[in-house]
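Below is one structure, written out as structure tokens; comments come after it.
The values are calculated or read from the model by the stated rules, or taken from the named source; none is laboratory data. Because the structure is predicted, anything quoted here is derived from the model rather than measured. Because the Cβ atoms are built from the backbone with ideal geometry, glycine has one as well, and the counts that use them run over all protein chains shown.
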Amino acid sequence: MTSKPLSLYLHIPFCASKCPYCDFFSGRYPDETKTAYVRALTEEIKTLRRSSAFLPADVLDRPLSSVYFGGGTPSVLGAAALSDLLNAVRSRFSLLPDAEITAEVNPSVADPDRFFAALADAGFNRVSIGMQSAVDEERKKLGRRAGKREVARSVDAAKRAGIGNISLDVMLGIPLQTEKSLVETLDFALSQNVPHLSCYLLKLEPGTPFFKMRDRLNLPDDDTAADFYLITCEYLKTRGMRHYEVSNFCFADKIGRHNMTYWTDGEYLGLGPGAHSFVGGVRFFQPPDLDAFLSGAPAAYEDTGGDEEERLMLRLRTDLGTPASAFPNKKALLAQMEQNGLLTLTDGLVRLTDRGYLVSNQVIGALLS
Ligand code: SF4
């Protein structure tokens, strides 16, 4: 019997500079810290020492269906370090022949031809490029240096290296954004002929510079931001993209397989400070503390996960839908929500509409109450 595949997430907590809206566990660090981190992460991949208290005995028998280098900005480590880390993964785990191997990349990466060729040589077959906006003034407000030229250069270089499975990130509801500038960004993203776009609404996270200066940011109001989301969904769908998750769109079958694991009961192991895991029905995480990780601090228990309620909730984020029979006492509510345009009921499946995704927490909360 083949063991159930697992997904592996590696957190790279480094960025060239800190974007003012970001609350991810990441920051600027000197090269020595990066070197020490690569060493510690390599050791963790090979020994799984920090996570060992939570891992079932058969964890290494489970083939990897995906490996995802996220952050932070993994590309700041350079292609050689990323390749070394991937080699460490291969030395410890087996990978499915069609495993998806993704690195998040900043478009201003130096010498993109060399960089992407080295990634492809090491076995990376997917990249996610942080574009956010195609409009200079908007990007500047976001603290982003790279422009359209750098994005196009990186996309071309990745394709030349044989990595055609490319995703671009787009942000919605950002300072200065208008309907016209949003369409400009979407048109530019589509012009790059990439198979995947992730389009996220800006969330003001407490503790970030954006949160503190929110009244001075010239942000679209909530209704306008919601309109931007609906415009984006419609715009991309009418151009042939599948809206397969709240914020994710793809052509053909190019869904982000790693992220789909999170929404469809899949199990994943996360290594690095701030990384979360769900293995053997238990959730645990590595505390978001770089020094603690470097000195070998163990992962911490989070909770047991994967119950029916959680499964339904996560699946409703996707276009796979959830059987209506899972809500036997909510027939009237489902009918009312369908009438209000928040969901559809087809072939016995509940699927949220774009409007439903906008208020998904409330919709899901009401269905599960
Ligand atoms: S590059 Fe990404 S992870 Fe780094 S600070 Fe900016 S948004 Fe956060």
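Residues in segment 97-124 that are crowded, with 17+ Cβ neighbours inside 10 Å and part of a loop (DSSP other than H, G, I, E, B): 106, 107, 108, 109, 124. Taking the criterion of being within 16 Å of the ligand (Cβ to nearest atom) and assigned to a helix (DSSP H, G or I), the residues of segment 65-81 that qualify are 74, 75, 76, 77. Can you tell me which residues in segment 24-53 are over 26 Å from residue 283 (Cβ atoms), away from the ligand (no atom under 16 Å from the Cβ) and in a helix (DSSP H, G or I)? Those that are over 26 Å from residue 283 (Cβ atoms), away from the ligand (no atom under 16 Å from the Cβ) and in a helix (DSSP H, G or I): 31, 32, 35, 36, 38, 39. Among the residues making up segment 87-118, those that are within 19 Å of the chain's Cα centre (by Cα) and not polar (S, T, N, Q) are 99, 100, 101, 103, 104, 105, 107. Exactly one condition in (1) at pLDDT 95 or above; (2) touching a helix residue (DSSP H, G or I) at 6+ places or on another chain (Cβ under 8 Å) is not met by residue 265; state its number. Against the list (1) at pLDDT 95 or above; (2) touching a helix residue (DSSP H, G or I) at 6+ places or on another chain (Cβ under 8 Å), residue 265 comes up short only on (1). Only one entry of 142, 96 meets the criterion of being more than 14 Å from the ligand (Cβ to nearest atom) and in contact (Cβ under 8 Å) with a residue 12 or more places away in the chain, and that entry is 96.
Here residue 6 qualifies as touching a Lys or Arg at 6+ places or on another chain (Cβ under 6 Å) and at pLDDT 95 or above.
Among the residues here, residue 190 qualifies as within 21 Å of the chain's Cα centre (by Cα) and surrounded by 15 or more Cβ atoms within 10 Å (Cβ to Cβ).
Could you tell me whether any residue of segment 217-225 is farther than 23 Å from residue 360 by Cα and either among the hydrophobic types (A, V, I, L, M, F, W, C) or crowded, with 16+ Cβ neighbours inside 10 Å (or both)? Yes: one or more hits.
Looking only at residues of segment 99-125 that are closer than 18 Å to residue 150 by Cα and among the charged types (D, E, K, R), we find that the one that is nearest to the ligand (Cβ to nearest atom) is 104. When we screen 187, 222 for residues that are farther than 22 Å from residue 156 by Cα, of a type in the set (D, E, K, R) and out of contact with any strand residue (DSSP E or B) (no Cβ under 8 Å at 6 or more places or on another chain), the only hit is 222.
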